[in-house]
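Before any comments, here is the structure.
The values are calculated or read from the model by the stated rules, or taken from the named source; none is laboratory data. Remember, predicted model here, so these are calculated numbers, not experimental data. For neighbour counting, all protein chains shown are included, and Cβ atoms are generated from backbone atoms with ideal geometry for every residue, glycine included. To get the accessible areas, we keep the full protein, side chains included, count just its heavy atoms, and leave off ligands, DNA and RNA. Shrake-Rupley method; radii C 1.70, N 1.55, O 1.52, S 1.80 Å.
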Amino acid sequence: MVQLKAFGNASASGGKHVCHKSCSEAPRALVCKQTLRRNRRTSKPLNSKASDGVATYPADTRLADRPPSASDASSAESTHVHGDRDTINATYNIVFVTAEVAPWSKTGGLGDVCGSLPPALAARGHRVMVVAPRYAEYDVTPLERGPTKRIACHGTEIGFYLHQSKGVDWVFVDHPSYPRPGGIYADQYGVYGDNQYRYTLLCIAALEAPLQLEINGKTYGDDCVFIANDWHASMVPVYLAAKYRAGGVYQSARAVLAIHNLRHQGVFAPKTYGDYGLPEGWYGALEWQYPPHQRQGAYEEEGRAVNTLKGGISTADRIVTVSPGYAWEIQTPEGGWGMESMLCSRAYALNGVLNGIDTQDWNPSTDKHIAKNYSISNFSRGKAENKAALQKELSLAERPEVPLIGFIGRLDYQKGADLVLGAVPWLMEQDVQLVCLGTGDVSLESGMRWMENTYPDKARGWVGFNVPMSHKITAAADLLLMPSRFEPCGLNQLYAMAYGTAPIAHATGGLRDTVIPFNPWDGTGTGWTFSPCTVEAFISALQNALDTFREHSDSFRAVQQRGMERDFTWDKAASQYETIFGWAKMDAPYCK
Ligand SMILES: Nc1ncnc2c1ncn2[C@@H]1O[C@H](COP(=O)(O)OP(=O)(O)O[C@H]2O[C@H](CO)[C@@H](O)[C@H](O)[C@H]2O)[C@@H](O)[C@H]1O
């Protein structure tokens, strides 16, 4: 068994350097010094959306002063960094740390992104590793012939499995706590009680992997850029600073925190701090206290807790979130889920990069799940055949002229499935067909069943997680509903546009950045957006879309076509990530 590079000796950091105060509170002096340094070095201001495209919005802007949306003259495309112009000609050893990676494990968009961004970065010449748990017996080989590579880790023993494809080293961490008969994070009895332990282990494993695993005869070594995705991986920057750098390892490495969803923060009782094996002085990096109105009795000691995501925010060298709009929203009290002040204090290091889509997986001309492949040149016929096939499969009337409306997503507060149900009585008075696919809150699942039972001729509420069905709906539908209350990026609207399906979306976060509202006067737009997020506003957008579908079919076809013409490939996002890695490497580590 091999000893951990930093954890083999619990006193590796030996209290050598403690910066918990600066990490947790991000004192002005430090922020200002780094901001000044950044602004001196870059010829253009970082907060300027137009100039560098990886846009951040002024921290002091309120929601009322909304950032420009996809429909503005500078559309979502122009909010991107033009990576090739800005790209630093360097290649990096990149290590993604994630709780989900498609196709092996996926409950949502995190899995999609971690399955498709790494190959896009590998294609640009970087050495890329993805470290994720081995939740099941995947069809992957042990890292070494014979016994799997095993190391001592956090008081237990873990193994590594490797699969190499698409230019990426997919590394799966093997530990008895990962495989479960239920879902990845929860089963029918609720969220697993040991998730804190499971993902702490993942973080340490990911920090050890580049040092210990010889892949193609060579380790990644300690000059890496870690991408820590969401709260599950947020201990990576904390350990990097508190244990590894302090112990003399990973001096050139940097950690980028990628926020896919700020709502989930990995919050645990304060007494569990000891379980992290961190020096006492680092408590401040994770310390959290809920205000009285948010306390739910779940945490003892007057709302005190340890908050893993806050640990990531306070120690990462840079922070990325998945759209420019969301980067701005999370700095406001309305969108910050309590983290807004921390994020404002790190605004100079926060960027929004719009997700792309995996065009091998989500491509109407090659999609294996759909009845008929099609492309922009024959999309009307192709979509009509897919519509007929889905109507037949779901025992709906096979009528080409009826608008088919889809909804795919988690049934929860974020995705606004309750707004869909709220619009159902109005919608069912129209000549439409509605097909919903989702799983989540028990009451919303019951709502879906109620809808199908009440309107059997017009509505289907498929409760479950079914990837082939999600592709079929995307290809068959004329309209896709996305009434999300908040949406960091959103992938379904991107898939929809690629398939010639017009999204109807709440104008928030990444939806606002990507769906250009249809404008009948100048013939622009790729869908319909609405705001505020109410059933009334939603119905009004639906009405407009249905009117266009029925009475202005040429305009509707043009909306579909413009959606299909958009470029949402990952390469663009990958070049923006490169730019950010370059910035991270230029600066001294944020926490040391
Ligand atoms: N019942 C079902 N059956 C089959 N497939 C289903 C399904 N329900 C959902 N899916 C699929 O899961 C994915 C969900 O993607 P979203 O972008 O909506 O992600 P999510 O909110 O999970 O992720 C977070 O991370 C992503 C990635 O950064 C952000 O885009 C997003 O805004 C943020 O909330 C899509 O591929 C969708 O088709």
- Within a Cβ distance under 14 Å of SER377, other residues only, what is the Lys/Arg minus Asp/Glu net charge? +3
- Stretched out fully, how many nm does the piece from ALA152 to ALA90 gain, at 0.36 nm a residue minus the Cα gap? 18.9 nm
- Simple SL model, points at 7 angstrom along Cα→Cβ for ALA186 and TRP521; separation in nm is 4.6
- Indicate the gyration tensor shape class of segment 148-196 (rounded, prolate or oblate), computed on the Cα atoms with a ≥ b ≥ c the square roots of the eigenvalues: a/c under 1.5 is rounded; otherwise a/b larger than b/c is prolate and the rest oblate. oblate
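Round to the nearest 0.05 the FRET efficiency obtained for SER540 and GLN360 when R0 = 60 Å and r is the Cβ-Cβ distance.
0.95
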- Message: Using DSSP to call loops (not H, G, I, E or B), can you name the trypsin sites (Lys or Arg not before Pro) in segment 351-440 whose Cβ has at most 15 other Cβ atoms within 10 angstrom?
- Response: LYS368
- Task: State to the nearest 20 debye the size of the charge dipole of segment 379-565 about its Cα centre, where the only charges are +1 on K and R beta carbons and -1 on D and E beta carbons.
- Result: 380
- Starting from the residue with the highest accessible area, list ARG566, ARG180 in decreasing order, probe 1.4 Å. ARG180, ARG566
- Message: Along the Cα→Cβ direction, 7 angstrom out, place labels at GLN561 and MET586. What is the inter-label distance in nm?
- Response: 4.3
- Message: Need one value: the accessible area of PHE549 in square angstrom, 1.4 angstrom probe, rounded to the nearest 10.
- Response: 40
- Task: Can you pull the one-decimal nm distance between simple spin-label points at GLN430 and ASP571, each 7 Å off the Cα toward Cβ?
- Result: 3.8
- Message: Shape verdict for segment 379-565, please, from the Cα gyration tensor: rounded (a/c under 1.5), prolate (a/b greater than b/c) or oblate.
- Response: rounded
- Message: Using +1 at the C-beta of Lys and Arg and -1 at the C-beta of Asp and Glu, which of THR272, VAL249, CYS224 has the Cα lying farthest in the positive direction of the dipole of segment 212-285?
- Response: THR272
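Let's see if you can work this out: charge +1 on each Lys and Arg Cβ, -1 on each Asp and Glu Cβ, no other charges. What is the dipole magnitude of segment 241-371 about its Cα centre, in debye to the nearest 20? Present the calculation step by step, with values, prior to reporting the outcome.
On the way: 11 positive and 13 negative charges, 64 e Å.
Value, rounded to 20: 300 debye.
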- Note on the structure: With 0.36 nm assigned to each residue of separation and the Cα-Cα distance removed, GLN296 to ASN453 gains 52.9 nm
- Please report the relative contact order for segment 379-565, taking Cα pairs under 8 Å with a sequence separation of at least 6, and give it as a percent rounded to a whole number. 20
- Message: Can you tell me how segment 512-584 classifies by the Cα gyration tensor, rounded, prolate or oblate, using a/c under 1.5 as the rounded cut?
- Response: oblate
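Of the cross-linked pairs LYS472/LYS572; LYS106/LYS592; LYS415/LYS592; LYS106/LYS415, which ones have a Cα-Cα span greater than 29 Å in the structure shown? Kindly include the intermediate steps, with their values, before the conclusion.
On the way: LYS472/LYS572 27 Å; LYS106/LYS592 34 Å; LYS415/LYS592 39 Å; LYS106/LYS415 17 Å.
The answer is LYS106/LYS592; LYS415/LYS592.
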